[in-house]
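In what follows, a single structure is set out as structure tokens and then discussed.
The values are calculated or read from the model by the stated rules, or taken from the named source; none is laboratory data. Just so we're clear, the structure is a prediction, and the values are computed from it rather than from any experiment. Cβ sites come from the backbone with ideal geometry, for glycine too, and all protein chains shown count toward neighbours. To get the accessible areas, we keep the full protein, side chains included, count just its heavy atoms, and leave off ligands, DNA and RNA. Shrake-Rupley method; radii C 1.70, N 1.55, O 1.52, S 1.80 Å.
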Amino acid sequence: MSIKNFQDILPLVERPSRYLGTEINSIKKDPDKVKLKVALAFPDLYEIGISHFGLQILYDILNKHKEIVAERVYAPDLDMESYLRSSHMPLVSMESHNPLKSFDIIGFSLLYELNYTNVLTMLDLSGIPFFSSERDGLFPLIIAGGPCTCNPEPVADFFDALVVGDGENVIVDISRAWLAWKEDGSEDKEVLLKQLSLIKGVYVPAFFNLTGSSAGSKTFFQIPQPRFSDYKVIAREIIADLDTAPFPDAPIVPFGKPVHDRLRIEIARGCTRGCRFCQAGMIYRPVRERSVNRLLNLFNASCAATGYEDLSLLSLSTADYGSIISLIERLMFRCEPRQIAVSLPSLRAGTLTPELINLIKRVRKTGFTIAPEAGSQRLREVINKNITEKEIFDTVQDVFGFGWMVIKLYFMIGFPSETDEDLPAIVELVKRLRRIKSRAGRRGQINVSVATFIPKPHTPFQWASQISLAESREKIEWLRANLKMPGIHFKWQNPEVSMLEGLFARGDRRLGGLLVDAYKKGCKFDGWGDRFQYGLWKKAFSDQELDTDSYTTCARDVTDRLPWDHIDTGVTKEFLKLEWEKAKRGEHTPDCRRGDCNTCGVCDFKTIEPKVFEVGKEEPDQDIVNEFLYNKGGAADKKAAFYTRVRLCYSKQGRAKYFGHLELVNIFLRAMRRAGILLKFTEGFHPMPKVSFDDPLPIGMESLNETLHLVVCGSVRPDAVITGLNNHLPEGLLVKDCQISPSKPAIKQQKSATYLVELKEGCFDKQKLDDFVKSSDFVQTRVNRKGKLKKIDFKDLVLKINLTDPCRMIIRLRSEPGRTARPFEIIKGIFNLSEEIIKQATIIKQ
């Protein structure tokens, strides 16, 4: 098997569509016609990275500049990595498939500490040295941003610069600085870094030396010391007004199964509820909301550009949005006629009102998660959660009362001041919630998720100790045993994963060496339970002579210097100390968004201050009302509307062969929405569009003529359907014919299917074909869907088989219910070819 380019690898890997880069709304520019090439890198699988909207924001911003191209790259899965290494090929970008090393800037998104080893994987596959000190000006500039940069020290040696805070303006300033440096003809990296250090929010680790500082009299941490008197503290960059901030209205529509496969709109940034354990609640202050009108405009444009059937409103606490009822009402007028469901992924007990629930359920019931965090009211006051048991009960009662059957609860163990009574309090709370019955009189299901508390930098609990690995295991096992009951599903985060996250959350630069050691031992995708290898990490701890307890279980004193003290998030250390003391006393701190200032230090009340839209209910636009009435009854009865049955014929060729069937269904449905083709939906709990496909094709197979059937609202112009869909389908899919069907599609009459098979490598063995043709039977064993072995006779399935030349054949196979086979298995059985050769073959259904 020979692999000459990246395209040769695609047939060999699972989920090849994750590497195509041809998604709707992806942007391609000629690299030779731009001055700056930026690779936006996400150190996790495509399905995770494409769901992170921060990267899409930067992608949109950079590509709006004529002289800049931004492309994406994600951590390759293990199979792709293996083929890249064995073929001596570099990691490439999504859009152009150019090597990462050929870009001018590579910007990593650091959202999670357990992605750090994946950063090293991506650099290694690109032939780029890990350490900034080993890279001169001829290498790409390696930068990073995201919440992990509030303590960048564990990975500081790998990056030339890191962005602290909001990146919308900073990424443009960095790009301009690079362009100016390049135009000056300089290759001196120090000159570029000096210019970057002048940008607010940019941290250049090379401009800080390291000294030791005692902490808790147990160990010494490496504390960054500034090399220059005018560059001592890195102040976080804050976008003051989200309404004027750029936000993509034509986001990339992913292939495959991303973890968040829906339209996402950020309605607010920041939270001032003041949970003392919550890093996001501290480092994203103050609360800044987008206006209702801005959000509605974003929805209108994004909905038209994507064709999504689900909308998620993003915020740290969505129901706290100042005009949430007005926003949801106006959105539902737009969403309900189009069968677009709305979800609020982040909610607090007490903010999910019956009015809000009733609005959301108008299309279909989306999921709800609430986070009591602790079982006892005492502990919730310590952590400043500020929700009562009554609010928790009322929320669950309302959810079940409106017809939902499942709700998720999230708890943590190991909080400061946790006592022996606090774990039984979790069990007792869940048991009492379990007694609440749904509207149908049945008990709903409660999914309970538990994780170990991890002290994070820039929070009031940054000085607290993390419970030991043994204690974490013991407490989770106790909860698991005591919550084993009908109607309760218990999940937990691996305590070893929590320990490692805690290690890097409050670590210093010495952990860079640990990361490299662990990576070389084989650690990667540490956030994935089935890939996390704690044994390798333990070996790395030992080889690096690292005392992990000094970073995790060891409490810090408020007078200690900390490795992240040079990072200024805006929240003062004095405020954090005050909150730490109030936690010890169990005192409450109110939310400042509608009350008095708590003097956390973020706001200057000139440009930086809370921005909350307290708007009353607004009358919806009349055209929206008319559309609502027409589609859902009222002025026009819903049942009086007429429908048209349509039969489409399409081809699936080239890169489109890498789409699986369910993927293809989504692609067509969203293309129909973008093209303005309104489909009829089924009735019931979860309405579905009336669309059906004939003979789903496996991944890797092309076809010249496939068929699908749909039911469309109103009359149809076939030529308009063809043109509209072809304008909105990705590369490789082409609608060739559209016909009006007078009735339901008939049961499939096709009895056989003909395929052209052409080998990319090697030849068909004519002797083996002759032996097959002469044989009376050719029995092979297949594993059915239930995992049982089943014998099949290929002689009964192969109706015709001819070699047109040594590497090309025509084969006609029986295609009947219970009596069918795919060309892949026929070829493998007759010619005994390897999986790789068969996967690389071209197979076209005629």
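List of remarks:
- Pairs beyond 26 Å (Cα-Cα), from Lys751/Lys791; Lys4/Lys257; Lys361/Lys786; Lys680/Lys845; Lys786/Lys828; Lys4/Lys101: Lys4/Lys257; Lys361/Lys786; Lys680/Lys845
- Amide hydrogen neighbours beyond the local backbone of Lys611, cut-off 5 Å, H modeled: Val287, Arg288, Glu289
- Most to least packed among 41-47, 422-428 [average Cβ atoms within 10 Å]: 41-47, 422-428
- Average accessible surface area per residue within the stretch 495-536, 1.4 Å rolling probe, Å²: 29 Å²
- Thr723 paired with Asp793, simple spin-label distance in nm, labels 7 Å along Cα-to-beta-carbon: 5.5 nm
- Residues Ile740 and Leu662, FRET efficiency given R0 of 25 Å [Cβ-Cβ distance, rounded to 0.05]: 0.35
- Selection from Gln466, Leu352, Leu662, by position along the positive dipole direction of the chain (Cβ): Leu662
- Scanning residues 5 or more positions from Glu266 or on other chains, those with amide H under 5 Å from its amide H are Leu314, with H placed 1.01 Å from N in the peptide plane.
- For the stretch 538-616, the convex hull spanned by the alpha carbon atoms encloses 196 Å³ per residue.
- Tensor-based shape of the stretch 110-244 (alpha-carbon gyration tensor, a/c under 1.5 rounded, otherwise prolate or oblate): rounded
- Charging the Cβ of each Asp and Glu at -1 and of each Lys and Arg at +1, and nothing else, the dipole of the stretch 328-474 about its Cα centre rounds to 1000 debye.
- Taken one residue at a time, the phi angles of the stretch 731-736 give Karplus couplings (6.51, -1.76, 1.60, θ = phi - 60°) of 3, x, 10, 9, 7, 9 Hz. Gly and Pro are set to x.
- In order along the stretch 272-285, phi translates into HN-Hα couplings of 10, 4, x, 4, 6, 9, 8, 5, 4, x, 9, 7, 10, 5 Hz, rounded to whole numbers, per the Karplus curve 6.51 cos²θ - 1.76 cosθ + 1.60 with θ = phi - 60° and x for Gly and Pro.
- Heavy-atom SASA rank of Trp528, Trp404 (probe 1.4 Å, accessible area, largest first): Trp528, Trp404
- With both labels modelled 7 Å from their Cα along Cα-to-Cβ, the Ala240 to Phe642 distance reads 5.9 nm.
- Amide H contacts under 5 Å for Phe108: Ala41, Ile143, Ala144, Gly145, restricted to partners 5 or more places along the chain or on a different chain, H placed in the peptide plane at 1.01 Å from N.
- Comparing Cα centroids, the stretch 570-604 and the stretch 54-105 end up 42 angstrom apart.
- For the stretch 196-268, with +1 on Lys and Arg beta carbons and -1 on Asp and Glu, the positive-most of Leu196, His260, Ser229 along the dipole: Ser229
- Placing +1 on the Cβ of every Lys and Arg and -1 on the Cβ of every Asp and Glu, with no other charges, gives the stretch 193-262 a dipole of roughly 460 debye about its Cα centre.
- Take the Cα of Thr607, step 7 Å toward its Cβ, do the same at Val191, and the gap between the two points is 2.9 nm.
- Computed over neighbours whose Cβ is under 14 Å from that of Leu759, the net charge equals -1, Lys and Arg +1, Asp and Glu -1.
- Ranked by the mean number of other Cβ atoms within 10 Å of their residues, highest first, the peptides 348-361, 101-114 come out as 101-114, 348-361.
- Placing +1 on the Cβ of every Lys and Arg and -1 on the Cβ of every Asp and Glu, with no other charges, gives the chain a dipole of roughly 3460 debye about its Cα centre.
- Counted charge near Glu702, where neighbours are those whose Cβ lies closer than 12 Å (Asp, Glu -1; Lys, Arg +1): +2
- Cα-only Debye scattering, the stretch 296-428: base-10 log of I(q)/I(0) at q = 0.14, 0.15, 0.17, 0.19 Å⁻¹: -0.68, -0.75, -0.90, -1.05
- Accessible carbon and sulfur surface of the chain relative to its total accessible area, %, 1.4 Å: 51 percent
- For the stretch 161-177 versus the stretch 700-762, the gap between their alpha-carbon centres in whole angstrom: 46 Å
- Per residue, in Å², the accessible surface of the stretch 179-304 once ligands and nucleic acids are set aside, probe 1.4 Å: 39 Å²
- Phi-derived couplings, Karplus 6.51 cos²θ - 1.76 cosθ + 1.60 at θ = phi - 60°, listed residue by residue for the stretch 563-578: x, 10, 5, 7, 9, 9, 7, x, 7, 6, 5, 5, 5, 4, 4, 4 Hz, with x used for Gly and Pro.
- Gly49 sits among other residues whose Cβ lies under 11 Å from its own Cβ, and their net charge, with Lys and Arg +1 and Asp and Glu -1, is 0.
- Span from the the stretch 4-46 Cα centroid across to the the stretch 314-360 one, whole angstrom: 35 Å
- The convex hull built on the alpha-carbon positions of the chain has an orientation-averaged projected area of 38.8 nm².
- Since only Met332, Thr244, Trp492 are under comparison, the one whose Cα sits farthest along the positive direction of the charge dipole of the chain, derived from C-beta charges on Lys, Arg, Asp and Glu, is Met332.
- Residues Met122, Met412 ordered from highest to lowest accessible area at a 1.4 Å probe: Met412, Met122.
- Using a probe of 1.4 angstrom and keeping all protein chains present, the accessible surface of the stretch 542-611 works out to 54 square angstrom per residue.
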